[in-house]
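Undergrad: I'd like to ask some things about the structure below.
The values are calculated or read from the model by the stated rules, or taken from the named source; none is laboratory data. Only a predicted model underlies this, so the values are computations on that prediction, with no experimental measurement involved. Neighbour counts run over all protein chains shown; Cβ positions are idealised from the backbone, glycine included. Ligands, DNA and RNA are stripped out before the accessible areas are found, and what is left, the full protein with its side chains, is counted by its heavy atoms. Shrake-Rupley method; radii C 1.70, N 1.55, O 1.52, S 1.80 Å.
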Amino acid sequence: MIADKLQQLGAGTINNVRGFGRAGIMLFGALLGKPDIRKGFPLLIKQLYVIGVLSLLIILVSGLFIGMVLALQGYTVLVKFGAEQMLGPLVALSLLRELGPVVTALLFAGRAGSAITAEIGLMKATEQLSGMEMMAVDPLRRIIAPRFWAGVISMPLLALIFTAVGILGGHLVGVDWLGVDGGGYWSAMQANVDLYQDVMNGVIKSVVFALIVMWIALHKGYDAVPTSEGISQATTQTVVTTSLAVLAFDFILTALMFGG
Amino acid sequence: MSDILIDIQQLTFSRGERVIYRDLNMQFVRGKVTAIMGPSGIGKTTLLRLIGGQLKPDSGHILFAGEDIPKLSRSALYAARQRMSMLFQSGALFTDMTVFDNVAFPIREHTRLSESLIRLIVLMKLEAVGLRGARDLMPAELSGGMARRAALARAIALDPELIMYDEPFAGQDPISMGVIVRLIRSLNNALNLTSVVVSHDVTEVMSIADYVYVVAEQTVIGHGTPEQLRAHPSPLVQQFLKGEADGAVPFHYKAAPYEQELMELVG
Ligand SMILES: Nc1ncnc2c1ncn2[C@@H]1O[C@H](COP(=O)(O)OP(=O)(O)OP(=O)(O)O)[C@@H](O)[C@H]1O
Ligand SMILES: [Mg+2]
């Protein structure tokens, strides 16, 4: 009994380590070597559009609502202490440090990550990747690399847009609706937000999350069992794994940046 | 230049515990159509992938124009692949591009020709497979037979030396079957290609091949020109050519005796 369980545990661990190794080799193969600007640039632009621009709507809408909710919740607490002029910094700091990068990453994983996994898994199942390889075109460079870079470039930008829209949403609720002083909303924010400590750290988080999400999404697709169940499993795994990894890394990064 | 384009020597390959090939020897002569026949699941697709360098053999040599494919470096392998081309069982067209762009893909990747020249070449290749009118369709809008022909146009886009067809006749109606049979033959002659055709359609293969290998039980069980094969003494070969279920080659995947399994089920 126990021996069986131990054996299972061992097999599971070995499998995970193997998966990690394969994921590493995939990324290595995709990113190593000198990039071919002439062929790579149009591919990157296309992926920036598919991965980044098409995610804009969900990011704008979610950012607006999160900012509005933050202002509403923050106001009810702050007003008890007569500190409602601190609403600006509260909204801005929550968004810049945490919600912007994290919620963007989660939304991005659900919107773009799952799509990337499914797309690549299906390419594998229909032998498009093999076919490309036989045409002497490396699918790692041609398919994986542009998607990876497009994700890594667009996610921090999306997080900044999310944050900016959220701050406007906070203004909408706090100032226009609940009557907090408009000048105070902005000036308190300006006084309390630090470019390096808050803005840069948020961007760094966002870049780390982007690397994680893209790596997992691409690898799950590339490594998918080329059948319909295999692809559906891989897509689910992408969303679950990336979400958990983003939250775990958020804790680690927060502890490193703001703890102690 | 030697007459033999591909020389497979003492090839052994296994998937896990299961040996697919043991000491396989084959030669493909330049400019000829060579066919590989064998029952389903025997490893014909696997053999083409071995030649293309997508799989590595356990031991043995696969010489392509004198170069040992399994031993090539990555860049040398990619250079060798530019000289060969493979028609996949499924066609493997890129689903996000039109037929035109699919055929243009290898040209755009490997040459720096102008768009107008590319257009000329692509239309020429599409004309050869009778799909010039379908250039603006997406792969999803093609029938299975048309997709196979579009993939064929893409496979010959860069005038390869070697073209490998994986089951080109499977799932084709009699008309497109005839078209493909003639295409393989005429392309082979017109472009001076070397063709390898993998199939289990005995009649079609015997009608176009210059030389035939019959594969079963992990190795070559008979080879020769179609005439020689028809007169082949081996009962295995005769059984395969005549398509009999019972004979020297078992039709069933390896399993416990049927009666025994039934008895176990009944308890
Ligand atoms: N990815 C894989 N992993 C493990 N085993 C495999 C894999 N692909 C194929 N096989 C095994 O290798 C054997 C040969 O497969 P292959 O596809 O080469 O057969 P085939 O001769 O082309 O069959 P068919 O005529 O049906 O296309 C099969 O019996 C299969 O069980
Ligand atoms: Mg096959």
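Undergrad: Take B:Gln89 and tell me if it is within 13 Å of chain A (Cβ to nearest Cβ), within 12 Å of ligand 1 (Cβ to nearest atom) and not hydrophobic (A, V, I, L, M, F, W, C).
TA: Considered against the rule, which asks whether it is within 13 Å of chain A (Cβ to nearest Cβ), within 12 Å of ligand 1 (Cβ to nearest atom) and not hydrophobic (A, V, I, L, M, F, W, C), B:Gln89 comes out as yes.
Undergrad: Being crowded, with 21+ Cβ neighbours inside 10 Å, aliphatic (A, V, I, L, M) and within 16 Å of ligand 2 (Cβ to nearest atom) is the filter here, so list the residues in segment B:145-184 that pass it.
TA: B:Ala151, B:Met164
Undergrad: Which condition does B:Asn189 not pass, out of (1) of a type outside the set (A, V, I, L, M); (2) outside any helix (DSSP H, G or I); (3) open to solvent by 10 Å² or more (accessible area, probe 1.4 Å), if it passes all the others?
TA: (2)
Undergrad: When segment B:89-107 is examined, which residues are found to be within 16 Å of ligand 2 (Cβ to nearest atom) and surrounded by fewer than 21 Cβ atoms within 10 Å (Cβ to Cβ)?
TA: Once the filter is applied, which keeps residues that are within 16 Å of ligand 2 (Cβ to nearest atom) and surrounded by fewer than 21 Cβ atoms within 10 Å (Cβ to Cβ), segment B:89-107 yields B:Gln89, B:Ser90.
Undergrad: Please specify each residue of segment B:2-30 satisfying the condition of being more than 16 Å from ligand 1 (Cβ to nearest atom), at pLDDT below 90 and either on the phi > 0 side of the Ramachandran plot or among the charged types (D, E, K, R) (or both).
TA: Scanning segment B:2-30 gives a single hit, B:Asp3.
The rows are residues; the columns are (1) open to solvent by 60 Å² or more (accessible area, probe 1.4 Å); (2) more than 17 Å from A:Thr242 (Cβ to Cβ).
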site: A:Ala71; (1), (2): no, yes
site: A:Val77; (1), (2): yes, yes
site: A:Ala92; (1), (2): no, yes
site: A:Leu96; (1), (2): no, yes
site: A:Thr104; (1), (2): no, no
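Undergrad: What single numbered condition from (1) farther than 24 Å from A:Arg141 by Cα; (2) surrounded by fewer than 15 Cβ atoms within 10 Å (Cβ to Cβ) fails to hold for A:Val180?
TA: The one condition A:Val180 does not meet is (2).
Undergrad: What is the number of the single condition among (1) hydrophobic (A, V, I, L, M, F, W, C); (2) away from ligand 1 (no atom under 13 Å from the Cβ); (3) closer than 28 Å to B:Met146 by Cα; (4) within 13 Å of chain A (Cβ to nearest Cβ) that B:Val33 does not meet?
TA: (4)
Undergrad: Also: Can you tell me how many residues in segment B:202-217 are part of a loop (DSSP other than H, G, I, E, B) and either open to solvent by less than 40 Å² (accessible area, probe 1.4 Å) or within 17 Å of B:Asn189 (Cβ to Cβ) (or both)?
TA: 2
Each row is one residue, and each column tells you yes or no for (1) touching a residue at least 40 places away in the same chain (Cβ under 8 Å); (2) of a type in the set (Asp, Glu); (3) facing chain B (nearest Cβ under 9 Å); (4) more than 16 Å from A:Ile59 (Cα to Cα).
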residue	(1), (2), (3), (4)
A:Lys124	yes, no, no, yes
A:Gly131	no, no, yes, yes
A:Trp149	yes, no, no, yes
A:Phe162	yes, no, no, no
A:His171	yes, no, no, yes
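Undergrad: Do you know which of the residues in segment B:152-177 that are within 12 Å of chain A (Cβ to nearest Cβ) and within 16 Å of ligand 1 (Cβ to nearest atom) is modelled with the lowest pLDDT?
TA: B:Asp166
Undergrad: Could you say which residue among B:Gly60, B:Gly66 is touching a strand residue (DSSP E or B) at 6+ places or on another chain (Cβ under 9 Å), over 25 Å from B:Pro168 (Cβ atoms), more than 16 Å from ligand 2 (Cβ to nearest atom) and at pLDDT below 90?
TA: B:Gly66
Condition check ((1) β-branched (Val, Ile, Thr); (2) more than 30 Å from A:Ser187 (Cβ to Cβ); (3) in contact with a strand residue (DSSP E or B) (Cβ under 6 Å, 6 or more places away or on another chain)) across all residues:
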site: A:Ala92; (1), (2), (3): no, no, no
site: A:Gly100; (1), (2), (3): no, no, no
site: A:Ala105; (1), (2), (3): no, yes, no
site: A:Gly110; (1), (2), (3): no, yes, no
site: A:Ile116; (1), (2), (3): yes, yes, no
